[in-house]
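Have a look at the structure below before the remarks.
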Amino acid sequence: MENYHKINGLVYSVIISLGIVSFVSCVFAEFKKSKEEDVKLDGRLCYLPGSEAFEFGIAGLICLVAAQITGNFFLGRIIFSVGRRRCCLAKRPSIGTILLAVSWISFGIVTVLVSTATSMNTRQPFGKGWLAGDCYVVKDGVYVASSLLVIITLACTLISAAITLRQTH
């Protein structure tokens, strides 16, 4: 039983660590993103140099995806190990299930926000802009909002796992 608790603690630590790296990467991306002053115009054509926000955004996405997958595999292991011992009866969704749904919804939103903002921080050469040849700059606060959604996503996943563990033992 002690080994079981060590593994659970290790998994929680990995998920929390990945979440912290994702959160910090999103915050750093906010400060390193391209600014309106960086846009250079040549008549109708525009140019925007790449920024470090691209690397921070990619790192944040990778860590978030790894944390979400790890958390859901952990939760699935809990559910399926207990599922063999219980009879499958139809019942209303538990708080853990609702939190897991919230986790996936916020995960989808943060993935779209960060991936879109990150792709806008790549180099946009003259005439090749981000979309239809136009240069776009990420609005202030997009990465910060994403970092808060990262916390919500992982908190819901971890709380759902904790509730499920508590209900099964």
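Determine, for Cys156, Cys26, the number of other Cβ atoms within 10 Å of each Cβ, and report the residues in order from fewest to most.
Cys156, Cys26
When ranked by the protection proxy of mean other Cβ atoms within 10 Å per residue, highest first, what sequence do the peptides 96-102, 54-60 form?
The packing order, highest mean first, is 54-60, 96-102.
Using the count of nearby Cβ atoms within 10 Å as a rough guide to exposure, how do Ser17, Ser119 rank from fewest to most?
Ser17, Ser119
Give me Leu10, Leu45 sorted ascending by neighbouring Cβ count inside 10 Å, so fewest comes first.
By the 10 Å Cβ count, ascending, the order reads Leu10, Leu45.
Any read-out appearing in this document is the output of simple, stated calculations on the displayed coordinates, not a laboratory observation. Everything numeric here is computed off the predicted structure, so don't read it as measured data. Quick reminder, even Gly has a Cβ in these numbers, built from the backbone with ideal geometry, and neighbours come from all protein chains shown.
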